[in-house]
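> Have a look at the structure that comes next, please.
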Amino acid sequence: MTDYRRLRVALLGAGAVGSQVADLLLRHGDELADRAGARLELAGIAVRDVDAPRDVDLPRELFTTDAESLITGADIVIELMGGIEPARSHILLGLGSGADVVTANKALLATHGPEVFEAADRVGASVYYEAAAAGAIPIIRPLRDSLAGDRVVRISGIVNGTTNYILDRMDSEGADFADVLADAQRLGYAEADPTADVEAYDAAQKAAILASLAFHTTVPLEAVHREGITSITADMIEEARSAGFVIKLLAVCERLQESTGESISVRVYPALVPRSHPLAAVHGANNAVFVEAEAAGSLMFYGAGAGGVQTASAVLGDVVSAARRHMAGGTGVGESTRANLPIVSIGHVTTRYQITLEVADQPGVLATIAGLFSEGGVSVATLVQTAVAASADQDADQVTASDARGTARLIIGTHRAADSALSAAVDRLTASDVVENVVSVLRVEGE
């Protein structure tokens, strides 16, 4: 057996991911030593309660509630606690003591990333966070290293497994949102409080991290436009299917060319994706990130976006990288944010909408609606009437498309325009006397 130098590893947290990381470090120590060039000694596991039940049977003597002592004696600190505090303080303590840090904490990096990376730069340490953006999918290292010589133009991705599971079930089974969410909670895909997932806070954090890397610009979380999926209905899913689309919650990070120069847009929302697009074929709780670069062209990264052992794979990959850096010596490589591109609001984005309306079924309505669109320079590309509802004193078989007493449902597809112009058109429709209800508004991506 090769006599490797030992590196002390402090593990913070022993939840679904942390317990798997500890188990793999203990079981595959020899293999990891060969790959890292150093023996990775698990010095301890800091937890709030040493006696709490865990997914994996681990030696009790490894557990401690004294996180600070464990951290200050470590060469590598693995933070898998989640949340902002005390994770932030522990990471800063580790970096201050000269340790490299491995973390999967997307919330912390999205809100305090600059502070963490600056702390690492001051001491020549490195922060590794492959597991923070897409679980087991390797996307951080390709963006930071493999594509460092290229210019990323656009990233569009499914980065939340819970919402993809819900929307995929709704699409394949015609199920209602509430029913599928309840199943997701029962199966462990969704938390008891699913707000972070279904309202897209989780996806927005990941979008901020990916955009910061791709465009070498610090992207604060508050600059990410966010819309969740709670308004998506089975009818909207069926209308999308009839038009050749599937609804996906997408994180979109885009480099824009404006008259004043380059800028970037970062946004998360449910969007219509053509069924021919690779992202449309991402099923269940899987994630996928579609990267478009000037030289490399289109690249897609696909796999498990969550799960204890799957995410542990990404964490251990970072641990091996940190160990190799320790053995090679020298300072860590900091984050590149010198491009400092301006981040614009979603109104600057050029896109197209699909809008479903319920309108008064009477002569002149279509002309009125067309006028409301053209008033703001938006043109209609497609218009489909999908249903007519009878008034209370009519039988359904007496209703015709020209019956003034009914209500028609229209699905309108626009040509591409500035999102600000499209949004203003929706506001005019909402205020119009001929529009009974704006049923849904979805953007189209991936065409």
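The values are calculated or read from the model by the stated rules, or taken from the named source; none is laboratory data. Just so you know, these numbers come straight off a predicted model, no measurement behind them. Note: ideal-geometry Cβ built from the backbone for every residue, glycine included; neighbour counts use all protein chains shown. In case anyone asks, the SASA skips ligands and DNA or RNA and just uses the protein heavy atoms, side chains included. Shrake-Rupley method; radii C 1.70, N 1.55, O 1.52, S 1.80 Å.
> Considering only the chain, what is the antiparallel percent among its DSSP beta bridges, to the nearest 5?
70 percent
> Scan around residue 440 for amide H atoms under 5 Å from its own, H built in the peptide plane at 1.01 Å from N, and keep only partners 5 or more places away or cross-chain.
Here 356 satisfy the definition.
> How high is the relative contact order of region 1-84? Use alpha-carbon pairs under 8 Å, at least six apart in sequence, and give a whole percent.
RCO, region 1-84: 44 percent.
> Further, regarding this structure: Hey, what do the phi angles of region 152-160 turn into as Karplus ³J(HN,Hα) couplings, whole Hz, using 6.51/-1.76/1.60 and θ = phi - 60°, x for Gly and Pro?
Karplus-based 3J(HN,Hα) across region 152-160 equals 6, 9, 7, 10, 10, x, 9, 10, 9 Hz.
> Name the residues whose placed amide hydrogens come within less than 5 Å of the amide hydrogen of residue 250, ignoring near sequence neighbours (fewer than 5 apart) on the same chain.
Residues meeting the criterion, in which the H sits 1.01 Å from N, are 269, 271.
> Now for a different question. What whole-number value in Å² describes the accessible area per residue of the chain for a 1.4 Å probe? Before the final figure, lay out each step's value.
Numbers: 19030 Å² over 447 residues.
In whole numbers, the chain has 43 Å² accessible per residue.
> In degrees from 0 to 90, rounded to the nearest 10, what is the angle of the helix 177-187 Cα long axis to the longest principal axis of the chain?
The angle comes out near 20 degrees.
> Same structure again: Just to check I understand the Karplus step: with θ = phi - 60° and J = 6.51 cos²θ - 1.76 cosθ + 1.60, what whole-Hz values come out for region 22-36, glycine and proline as x?
For region 22-36, the Karplus curve yields 4, 4, 5, 4, 6, 7, 10, x, 5, 5, 5, 4, 4, 7, 8 Hz.
> Over the chain, what relative contact order in percent results from Cα pairs under 8 Å that are six or more residues apart? Mind dumping the intermediate values first?
Details: 961 pairs, mean separation 71.3, N = 447.
Computed value for the chain: 16 percent relative contact order.
> Would you mind telling me the share, in percent, of accessible area of the chain contributed by carbon and sulfur at probe 1.4 angstrom? If you can, show how the numbers build up before the last one.
Details: 9200 of 19030 Å².
Result for the chain: 48 percent of the exposed heavy-atom area is carbon or sulfur.
> Take the Cβ-Cβ distance between residue 193 and residue 328 as r, set R0 to 41 Å, and report the resulting FRET efficiency rounded to the nearest 0.05.
Once the sixth-power term is evaluated, E becomes 0.40.
> For the chain, what does -39500 (n - 2.57) per DSSP helix run (n ≥ 4), summed and divided by total residues, give at 222 nm, in deg cm²/dmol to the nearest 500?
Value at 222 nm, helices only, nearest 500: -10500 deg cm²/dmol.
> Taking 8 Å as the Cα distance limit and 6 or more residues as the minimum spacing, I'd like the relative contact order of region 103-196 as a percentage. Could the numbers behind the result be given before it?
Details: 51 pairs, mean separation 16.6, N = 94.
Here the relative contact order equals 18 percent.
> Please report the net charge: other residues with Cβ closer than 13 Å to the Cβ of residue 235, K and R +1, D and E -1.
-3
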